[in-house]
Amino acid sequence: MGCRVRGLTRTMQQDFSASELFDEGVVVRLGAEPLPPHLMAGVDTVFHLAGVAHSELPTAAMAEVYWAVNLRATEELLQSAKAAQVGRFVYFSSVKAAASPPKDRCVDEAWQGEPMDVYGLSKRLAEQKVLEGGIAGGMHVCNLRPVLVYGSGVKGNLRKMIEAIKADRFPSLPETGNRRSLVHVADVVQAAMLAAEHPDANGKTYIVADNHPYSTRKMYETIRNALGMPISRRRIPYAVLALAARIGDGIGRLVPLQVPFDSEKLYKICGSACYSSRKLQVELGFHPRFELQDALPAMVASLDSSRP
């Protein structure tokens, strides 16, 4: 397409070749080091993906990391972009920038409840700074809120789930009818290009999700099929899981240690997190092209190839 890419990264690890992804590589730790003075020179579009989502630091220290990286570093990048007269700025936020959706329906951008934690609040405030920075700097700006992203090289909880199922350590869950939204990484790229190039995206915030939310049971069965594993007919009753979660809650109140299973973990497994990308589809012409079952063979292969 005739574009040159300048990539900003924290480190240049031995297993990472910037030349494979970027025409230029710049190393800087956002939120901890000043930006290089000519970082934005000649840049037309910024895709800001950097952020901290999880940390094992103590709560107070973790909060400061969120403010430093997710909020203040975003402000610094906006100021640098404005000074260099960058034309477009696309910020990758999170659906956690709003409250978790109710279990009985999918929500869209009109769902504006307050974030549930410091991470979500840091992303929400960063979104506001992006929109304000667009007005102040005369930039085309857009916020994207992807749901759980999957694809080759998947990480996070979905990777853990696949690995646990492959090792036959993931419980055979009941069908609770919960709904969790996912989106393929290639569809996220499609959304990012639309956010940068479509004039109607300016000053907007969009959820990025595919069209088919999945129950955890459906995900479990789909992953087992991709692994060539039979589907177990036995299912752990939900009442047993709920009882185990309450026991974990009680232990957690008595002992200052992280318990292996409690109500929070039960929600992560069996709760709903359903989101609609209809606004992105109607206004910008976004068309999700992937579903989980189509991408799983490549995902499984990428996990196998990444093992030492």
Q.
Tell me the angle of helix 292-305 to the major Cα principal axis of the chain, expressed in degrees between 0 and 90 and rounded to the nearest ten.
A. 80
Q) What spacing in nm lies between the two simple spin-label points modelled at residue 243 and residue 53, each 7 Å away from Cα in the Cβ direction? A) 3.5
Q.
I'd like the Karplus ³J(HN,Hα) series for segment 21-27: coefficients 6.51, -1.76, 1.60, θ = phi - 60°, whole numbers in Hz, and an x wherever there's a Gly or Pro.
A. 10, 10, 7, 9, x, 10, 9
Q: Any chance you could give the angle, 0 to 90 degrees and rounded to 10, that helix 216-226 forms with the longest Cα principal axis of the chain?
A: 90
**Q.** Contour minus Cα-Cα distance for residue 4 and residue 33 (0.36 nm per residue)
**A.** 8.0 nm
Q. Hey, what's segment 228-308 come to in accessible area per residue, 1.4 Å probe, Å²?
A. 66
Q: Could you check how much of the accessible area of the chain is carbon and sulfur, as a whole percent, using a 1.4 Å probe?
A: 55
Q: Could you work out how far apart the two model spin labels at residue 304 and residue 23 are, taking each label as a point 7 Å from the Cα in the direction of the beta carbon, and quote it in nm?
A: 3.8
Q) Of 47, 86, 225, which is farthest on the positive side of the dipole of the chain, counting Cα position, with +1 on Lys and Arg Cβ, -1 on Asp and Glu Cβ, and the Cα centre as origin? A) 225
Q: Could you pull out the longest piece of the chain with no exposed loop trypsin sites (Lys or Arg not before Pro) in it, calling a site exposed if DSSP puts it outside H, G, I, E, B and it has at most 15 other Cβ atoms within 10 Å?
A: 30-102
Q. For the chain, what is the mean residue ellipticity at 222 nm derived from helices alone (per DSSP H run of n ≥ 4: -39500 (n - 2.57); sum divided by total residues; nearest 500 deg cm²/dmol)?
A. -12000 deg cm²/dmol
Q: Could you tell me which of rounded, prolate or oblate describes segment 250-308, using a ≥ b ≥ c as the square roots of the eigenvalues of the alpha-carbon gyration tensor, with rounded for a/c under 1.5 and, failing that, prolate when a/b is larger than b/c and oblate otherwise?
A: oblate
**Q.** Net length gained if the chain between residue 176 and residue 11 were fully extended (0.36 nm per residue, minus Cα distance)
**A.** 55.1 nm
Q) Between the DSSP loop rule and a limit of at most 14 other Cβ atoms within 10 Å, which GluC sites (Glu not before Pro) in segment 142-224 are left? A) 175
Q: Compute the signed sum of charges (Lys and Arg +1, Asp and Glu -1) over the other residues within less than 15 Å, Cβ to Cβ, of residue 177.
A: +4
Q: Express in nm, to one decimal, how much length is gained between residue 253 and residue 61 on full extension, taking 0.36 nm for each residue of separation and deducting their alpha carbon distance.
A: 66.9 nm
Q.
Please report the spacing between the Cα centers of segment 46-100 and segment 249-308 in Å, no decimals.
A. 21
(Q) Taking the Cα of residue 159, stepping 7 Å toward and past its beta carbon, and measuring to each backbone N in segment 191-219: which are under 11 Å? (A) none
(Q) Longer than 23 Å from Cα to Cα, which of 96/160; 103/279; 123/160; 123/268; 82/129; 103/268 are they? Say none if no pair is. (A) 123/160
Q: Would you kindly find the accessible area of residue 257, with a 1.4 Å probe and non-protein molecules such as ligands, DNA and RNA excluded, rounding to the nearest 10 Å²?
A: 120
Q. Computed FRET efficiency, Cβ-Cβ of residue 168 and residue 197, R0 51 Å: what is it to the nearest 0.05?
A. 0.65
**Q.** FRET efficiency, residue 135 to residue 212 (Cβ-Cβ, R0 41 Å, nearest 0.05)
**A.** 0.65
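The values are calculated or read from the model by the stated rules, or taken from the named source; none is laboratory data. These figures come from a predicted structure and were not determined experimentally. Every residue, glycine as well, gets a Cβ built from its backbone with ideal geometry; the counts of neighbours run over all protein chains shown. The area values use the complete protein model at the heavy-atom level, side chains included, leaving out ligands, DNA and RNA. Shrake-Rupley method; radii C 1.70, N 1.55, O 1.52, S 1.80 Å.
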